[in-house]
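Structure, as C-alpha cells:
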Amino acid sequence: NTHSIADSFTVAIRTPVGVVIHTGDFKIDHTPVDGEYFDFQRLAEYGEQGVHCLISDSTNSEIPGFTPSERSVYPNLDRVFSQAAGRILVTTFASSVHRISMILELAKKHGRVVSVLGRSMLNVIAHARKLGYVKCDDELLQPLNVIQKLPDENVLILTTGSQGESLSALTRISNGEHRQVKIRPGDTVVFSANPIPGNTIAVVNTIDRLMMQGAKVIYGKEQGIHVSGHGCQEDQKLMIGLTRPKFFLPVHGEHRMLVKHSLTAQSVGIPAENMVVIDNGDIVELTETSIRVGGKVPSGIELVDASRSGVVNAQVLRERQQLAEDGVVTVAAVVDWRGELVAQPEIHLRGVVTSMQKGQIQDKVKDSIQLVLRDRWKEYARSFGDSRMEVDWAGLQAQIERELVKMVRREFQSNPLLVFLMQTAEEPLTLAPRKSPRTAEAIAL
C-alpha cells in the first residue's frame, strides 16, 4: 500500500476460517514520492476470491473525502523556501522518509546546505540513504560547525520536535537551551506536521516561544505543508470495496474513530452484526459464521525503572502520583490487648498543605482511632474461657487505616498518601487484671 513510511504493506493472512486482511497504516496515494504505487489489483484479487475479515486503519475516519497525495506538499514547501530570506528550520516526523527526501531535494534547488538535528532524524536519514530511499549528494549534508560559517540564506536545519517533545532539538532551541543553535530575527521555522491529539498545547507553546525570539513560524493546515499518511473516509470505502469482506474490524484510532469507521463500513453494505468495536487488549474471536469479543489480555503502557527492579506496577505509580500531588501523612500508634491506645499517636506530615495545627490533627487522629477501637474491637478480638485472647491485628489495622483515610480527606480537602503504623503492646496471651504501672523509682530498685 502507500503511506508516509517507506515500504508499508497490507498483509493477507490465510486462516482455517478464511482470509484475514490487515491494512496496516495506509492511504491511497496515486502519485507516491517513491514511485511505488498502491497495489489495487492484488487487493481486488483477494476480494474476488473472498475475504473473511478486514482489519482496517481508522485514524482519519472522521474526515470526509480522500487524503491528498504526499507529492501535493512539494509546491507549497517550494513556495515557503523561496520566500525565506534567512535561515530555514524545518521540523517533521523523523519517520516520514518521503517528506525528508522532498525537503532535501528543495534544499538543493534553493542552494541551501542541510544540517540535521535530533538522534532519530539522523538515524532515519542514515538508514534511508543506505537503503536507497533518500538520494542526495554527500556535500548537501554538513555538520553544524560548518554551516555556522555560511550565509544565512544558504542554511537549512532539519530537526526533530514537530510534536513539542520536551527533550527534542526544536523545543530546546525554543527554550534557548540548545548549545549550538539560537533563534535570531529573520529565521523561518516550518512545521511540516500537524499535532497529534494530546500534543497540541506543547506544539502551540513551542511556536509562541519561537515567535517571541523573532522567528517567522509557518504552520497550520491552510499552509498546505503537511498531509496525513492515513486514509480518509473515501480511502476507507475504497479499501472495503476492493476487499469485500464478510466481517469488519476497525483498528488504530481513538474509540470515536473506530465507531465512525464502523458506520462508514455499514454505509457500504457490511451488516452491523458483522463487526465489533474493540478496546486495547480485547481478544477477538472469529469463526466461519460470527465475530465477537471473547476476552481480554493485559495491555497498555508499562513504565520501566531501569535503575531498580524493572517494570513499575500500577499501584506504585499511583502512590508516586499521590505523593507528588498531595504529600504524605504518617501515623504511628500503640494499641494494647484490651483495645486501648497506650499513648498519644505520633503524626508526621510531608508535602501536605493544611491550615490545621499539629495538635488539632493529633486530636482528630486520636478520635478516629478510638472510634474504631470502641465500636469495632469485638469484631477483631476473640476471648476464650481460660482467659486467652486472639486478635486479628492485620484486620484491625486495615479498619483503622480506612477510617483515618476518610478523616484526612474530609479535614484536609485533599488526598495525601496515608501510612499507618500500628504496634501492639507486649502482653501475654493470658490476660491478668491490669496492674498499676510501676514508678521509675520501683524499676530502679
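Pairs linking a residue in the stretch 376-389 that is within 18 Å of I400 (Cα to Cα) and surrounded by 12 or more Cβ atoms within 10 Å (Cβ to Cβ) to a residue that is of a type in the set (A, V, I, L, M, F, W, C) and at pLDDT 90 or above, with Cβ atoms under 6 Å and 6 or more positions apart or on different chains, are Y380/L396. Taking the listed residues F38, F93, F26, the one that is of a type in the set (F, W, Y) and not assigned by TED's automatic domain parsing to the domain that holds T289 is F93, with no other qualifying. Among the residues of the stretch 350-373, just one is more than 12 Å from F412 (Cα to Cα), touching a residue at least 40 places away in the same chain (Cβ under 8 Å) and buried (at least 17 other Cβ atoms within 10 Å of the Cβ), namely V365. Applying the condition of being within 21 Å of the chain's Cα centre (by Cα) and of a type in the set (D, E, K, R) to the stretch 286-328 and asking which residue is nearest to P16 (Cα to Cα) yields K296.
Could you tell me whether V11 is exposed (fewer than 14 other Cβ atoms within 10 Å of the Cβ) and either on the phi > 0 side of the Ramachandran plot or touching a strand residue (DSSP E or B) at 6+ places or on another chain (Cβ under 6 Å) (or both)? Judged against the criteria, V11 is a match. Scanning the stretch 106-134 for residues that are modelled with pLDDT under 95, within 16 Å of V90 (Cα to Cα) and charged (D, E, K, R) yields a single hit, R119. Within the stretch 391-407, the presence of at least one residue that is assigned by TED's automatic domain parsing to the domain that holds G327 and at pLDDT below 90 is confirmed. Filtering the stretch 47-59 to residues that are in contact with a Ser or Thr (Cβ under 6 Å, 6 or more places away or on another chain) and either modelled with pLDDT under 95 or surrounded by fewer than 23 Cβ atoms within 10 Å (Cβ to Cβ) (or both) leaves G47, V51. Only a single criterion out of (1) surrounded by 10 or more Cβ atoms within 10 Å (Cβ to Cβ); (2) modelled with pLDDT under 85; (3) closer than 25 Å to V419 by Cα is not satisfied by D336, namely (2).
Summed over the stretch 101-125, the residues that are within 16 Å of L140 (Cβ to Cβ) and either touching a strand residue (DSSP E or B) at 6+ places or on another chain (Cβ under 7 Å) or of a type in the set (D, E) (or both) give a count of 13. Where strands (runs of 3 or more DSSP E) fall entirely within the stretch 290-354, those with at least 3 residues that are among the aliphatic types (A, V, I, L, M) are at 328-335.
Taking the criterion of being surrounded by fewer than 11 Cβ atoms within 10 Å (Cβ to Cβ) and touching a residue at least 12 places away in the same chain (Cβ under 8 Å), the residues of the stretch 293-320 that qualify are G295, V297, P298, S299, G300.
Candidates in the stretch 229-275 are the residues that are over 15 Å from H22 (Cα atoms) and of a type in the set (S, T, N, Q); of these, the one that is surrounded by the most Cβ atoms within 10 Å (Cβ to Cβ) is T264. Could you go through the stretch 143-154 and let me know if any residue there is among the β-branched types (V, I, T) and over 27 Å from V204 (Cβ atoms). Yes, some residue in the stretch 143-154 is among the β-branched types (V, I, T) and over 27 Å from V204 (Cβ atoms).
Looking at I283, I278, just one residue is closer than 16 Å to H22 by Cα, out of contact with any Cys (no Cβ under 7 Å at 6 or more places or on another chain), hydrophobic (A, V, I, L, M, F, W, C) and part of a strand (DSSP E or B), and that residue is I283.
Scanning the stretch 32-78 for residues that are among the polar types (S, T, N, Q) and either farther than 27 Å from I103 by Cα or more than 33 Å from the chain's Cα centre (by Cα) (or both) turns up Q41, Q49, S56, S58, S61.
The values are calculated or read from the model by the stated rules, or taken from the named source; none is laboratory data. Predicted, not measured: the structure shown is a model, and the values here were computed from it. Please note: Cβ atoms are built from the backbone with ideal geometry, for glycine as well, and neighbour counts cover all protein chains shown.
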